[in-house]
Structures are given as structure tokens and as C-alpha cells.
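A short worksheet on the structure shown next.
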Amino acid sequence: MPHRRFADGEVVMGRWPGSVLYYEVQVTSYDDVSHLYTVKYKDGTELALKESDIRVVEGLPLSNGRKLQYRINGFYAFVLTAAVIGTLLYFQFELHYLYDHFLQFAVSAAAFSMVLSIYLYIRSLKAPEEELAPGGNSGCYKLGNALGGDEDTQSKHAISVNDTCEQLSASEAVLTTMDITHDGFGFMLAFGDLVWVPFVYSLQAFYLVGHPTSISWPVAAAITILNSIGYYIFRSANSQKNSFRRNPADPKLAYLKCIPTATGKGLLVTGWWGFVRHPNYLGDIIMALAWSLPCGFNHILPYFYVIYFICLLVHREARDEHHCKQKYGLAWEKYCQRVPYRIFPYIY
């Protein structure tokens, strides 16, 4: 008799029939004859799903080998945001209030991020060792541990991804990124996510409110194509890495070649990761440039985003290089010989 994987009452992600989208559902029962699970969606709809249509997304193993489980709720976050904005527009709410009080919102967010950082630090003092970030002196939580967990350790928290396309199609790939697996969830990420990203990364829109710029359709099309190229590189590179990390033996990845390491993991030397060492950074920078170009070239402010982003990713790349050299040793040196360019092909 087939083994039942999901228990009654368990909250999982269920695929909507005929769709590629997964929604949060609760298992209500299981039929031993048809081997179908009856699940209940948040709107009250009940459907029978096969086990292959149900999933729980797991992160990478912790230092003790345990994997945390995550709710991928980016789609819900996107729908909720769109609904709130649509409602405000319908009732003719004056959204310029946000623009007029931009500085006040930024200061409030900064104060909240400081309070959150102090709280996380205090919590980390009593946290198990495997839930703490390996580097630094703060002892902060790994972001992955702060956002998710199983029922033996802590309540599950939602994880949201700012990029709408990633929310709808690839949120789980975020679970293998450096922010989640390595960096501590302290002041840097709290301030970055609550202050720096929303208030600095939106400077282009802030600038255009006071300095509207007209661009022709061909220029707009060229900028859109540039952004699409950047997103394609970013998305496909991250998906390739995520799939390989989760299951290197997947037959779909048979075309990829890698350098074996002493840790048992492989370093990809084909695909995007054989083109440059950080193709996802390349895609990110291309998108950042595309978001700035509609502002024209009359002021440096709209380009602060892309300039800062280049500095950030070059610095992060240096940190990653140091970490990988320590972790993989000779294998990393061979990888660098095979893939000499770090971010920009034939330049850097």
C-alpha cells in the first residue's frame, strides 16, 4: 500500500488544476483507494489532488542536516498589494501623500528596522547554534531560519519576494541564495529590506514625479528589451543553479558539466555559470540600468541605483570569492581558470 506523505490538517502548497500556480491549502482527508488528497483552499474551495500536485518547499540543509520548510506566498503578496492599490485608486485616495511624506516614511522605517535588529539580536542569544549565521560577531539568525521553520522549532513565517515575476514563478529559488543561506538576519538585512530597497531603489520614480521625461516608442521598446534580457539572464541563471543544487542527478541537467569538489558538491562550468562566475549579478545590473534609463541623462540621482548596485555586487562577489576559495580550495582555482570573468564578460 502506498505510503501517505501528508497528514490531515497539514498546510501545504497545492496546484490549482490546469494551472502552474500553487496556493496554500490545508489537507482535510486522504482516500486510500484513489490515493487522492482532499484539500481546502483559503476561499473555502475543496478539491481532490494527486500527491504530485502538492508540495512543501524545503531549504538547503542546516549544519545539523535538518531542512526547514517554507510557505511560498509571493503570489498572495502580489495579489494583496494590487488589490490594496486598486481599492485606493477606486476611492480616489490621494496617493501623492506617500510622495509628499517620503522622508517621514523613510525615517519611520529606519527606526523600525533598528528596533527589529535589536529584537533579533536578543532572540539570537538563546537560539540553537545551527540557527545562527556562521560569520561575524553578532550571532544573528540566518535569514532562512528567521523566515521559516518546522513545527518542532518555531512557527512558520511568510516569505515575500519583491520582484513580481519572481513572486509568480520562482520564489523558491531564493532559498538557495546567499542572503538566505549565509548572511545573518540582523541590521544589514533588516535595514536593507525595510529602508534601503523601498526608498533608495525607487529614486527613479521619485525623480520622475518632479522631472517628467518624454521618450519615444523606439527608445521605450529598446529599454524594455534591455530589461527583458537582464531578467532572462538573472532568472535562468538562478533557476539553473537552484535546480543543480537541489538535485545534481536530475536527467534534465545532464547537459551541464561540473568540477567535483572535496565537499561532494560540483562547480558548474557550462551553462550560464560557465559564461561568467556570477551571471545572476550581470542580469541584475542590466535590469538596474534599464530601470534608470527612462529618466534621461540630466541628473545623476536616477543612476545612483545602478552605480550603487554595481558597487554592492562587486563587493559581494569579492566576499563570495573569498568564501568559495576557503570552502572548495583547489577545485575553486580550477573553476576560476575555466571561467576567468567574474561578472562582466571580457571586462571583469
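In the stretch 261-348, which helices (runs of 4 or more DSSP H) lie fully inside it and hold 2 or more residues that are more than 22 Å from the chain's Cα centre (by Cα)?
304-328, 330-338
Consider only pairs whose beta carbons are under 7 Å apart and that are at least six residues apart or on different chains; among these, list those whose first residue lies in the stretch 300-311 and is closer than 16 Å to G192 by Cα and whose second residue is of a type in the set (D, E).
F309/D284
For the stretch 26-65, name all the residues that are among the hydrophobic types (A, V, I, L, M, F, W, C), closer than 16 Å to E10 by Cα and modelled with pLDDT of 75 or more.
Taking the stretch 26-65 and keeping what is among the hydrophobic types (A, V, I, L, M, F, W, C), we get 27, 33, 36, 39, 47-49, 54, 56-57, 60, 62.
From what's left, closer than 16 Å to E10 by Cα: 27, 36, 39, 47-49, 54, 56-57.
If the condition is that a residue be among the hydrophobic types (A, V, I, L, M, F, W, C), closer than 16 Å to E10 by Cα and modelled with pLDDT of 75 or more, then V27, L36, V39, L47, A48, L49, I54 are the ones that fit.
Kindly provide the set of residues from the stretch 280-297 that are in contact with a Pro (Cβ under 9 Å, 6 or more places away or on another chain) and within 12 Å of Y341 (Cβ to Cβ), ordered by number.
Going through the stretch 280-297, the residues in contact with a Pro (Cβ under 9 Å, 6 or more places away or on another chain) turn out to be 282, 291-296.
Of everything in the stretch 280-297, just one residue is in contact with a Pro (Cβ under 9 Å, 6 or more places away or on another chain) and within 12 Å of Y341 (Cβ to Cβ), namely L282.
For the stretch 37-49, give me each residue that is on the phi < 0 side of the Ramachandran plot and assigned to a loop (DSSP other than H, G, I, E, B).
Across the stretch 37-49, the qualifying residues are K42, D43, T45.
Counting just the residues of the stretch 215-260 that are part of a loop (DSSP other than H, G, I, E, B) and among the hydroxyl-bearing types (S, T, Y), which one comes out modelled with the lowest pLDDT? Talk me through it step by step, then tell me what you get.
The initial filter retains those residues of the stretch 215-260 that are part of a loop (DSSP other than H, G, I, E, B), namely 215-216, 247-250, 254-257.
Then drop every residue that is not among the hydroxyl-bearing types (S, T, Y), which leaves 216, 255.
Working: S216: 91, Y255: 80.
Step by step, filter the stretch 215-260, then rank; the result is Y255.
Can you name every residue in the stretch 246-264 that is of a type outside the set (G, A, S) and without any contact (Cβ under 8 Å) to a residue 60 or more places away in the chain?
Result: N247, P248, D250, P251, K252, L253, Y255, L256, K257, C258.
Looking at the structure I just gave you, is D100 at pLDDT 85 or above, of a type in the set (D, E) and farther than 30 Å from S236 by Cα? It would help to see each step written out before you state the result.
Working: at pLDDT 85 or above: yes; of a type in the set (D, E): yes; farther than 30 Å from S236 by Cα: yes.
It is true that D100 is at pLDDT 85 or above, of a type in the set (D, E) and farther than 30 Å from S236 by Cα.
Any idea which of (1) touching a Lys or Arg at 6+ places or on another chain (Cβ under 7 Å); (2) modelled with pLDDT of 90 or more is the one I300 doesn't satisfy?
Of (1) touching a Lys or Arg at 6+ places or on another chain (Cβ under 7 Å); (2) modelled with pLDDT of 90 or more, only one is false for I300: (1).
Is at least one residue of the stretch 17-36 within 22 Å of Q69 (Cβ to Cβ), open to solvent by less than 60 Å² (accessible area, probe 1.4 Å), assigned to a loop (DSSP other than H, G, I, E, B) and not polar (S, T, N, Q)?
Let us first name the residues in the stretch 17-36 that are within 22 Å of Q69 (Cβ to Cβ), namely 20-30.
With open to solvent by less than 60 Å² (accessible area, probe 1.4 Å) added as a condition, the list becomes 21-25, 27-30.
Add one more test, that the residue is assigned to a loop (DSSP other than H, G, I, E, B), and what stays is 21.
Still in the running and not polar (S, T, N, Q): 21.
Yes, there is a match, as at least one residue in the stretch 17-36 is within 22 Å of Q69 (Cβ to Cβ), open to solvent by less than 60 Å² (accessible area, probe 1.4 Å), assigned to a loop (DSSP other than H, G, I, E, B) and not polar (S, T, N, Q).
How many residues does the stretch 301-318 contain that are open to solvent by 80 Å² or more (accessible area, probe 1.4 Å) and under 15 Å from R277 (Cβ atoms)?
Matching residues across the stretch 301-318 total 1.
I'd like the full set of residues that are under 25 Å from S243 (Cβ atoms) and either open to solvent by less than 50 Å² (accessible area, probe 1.4 Å) or of a type in the set (S, T, Y) (or both), limited to the stretch 37-58.
If we filter the stretch 37-58 for residues that are under 25 Å from S243 (Cβ atoms), which is where we start, we get 49-58.
Of everything in the stretch 37-58, those that are under 25 Å from S243 (Cβ atoms) and either open to solvent by less than 50 Å² (accessible area, probe 1.4 Å) or of a type in the set (S, T, Y) (or both) turn out to be L49, S52, D53, I54, V56, V57.
Please determine, by comparing only the residues of the stretch 103-134 that are modelled with pLDDT under 90 and touching a Leu at 6+ places or on another chain (Cβ under 7 Å), which one is farthest from A205 (Cα to Cα).
Once the filter is applied, the top-ranked residue is E130.
The values are calculated or read from the model by the stated rules, or taken from the named source; none is laboratory data. Keep in mind that what you see is a predicted model, and the values were worked out from it rather than measured. As a convention, Cβ positions derive from the backbone with ideal geometry for all residues, glycine included, and neighbour counts pool all protein chains shown. When the accessible area is computed, the model is the full protein with side chains, heavy atoms only, and any ligands, DNA or RNA have been set aside. Shrake-Rupley method; radii C 1.70, N 1.55, O 1.52, S 1.80 Å.
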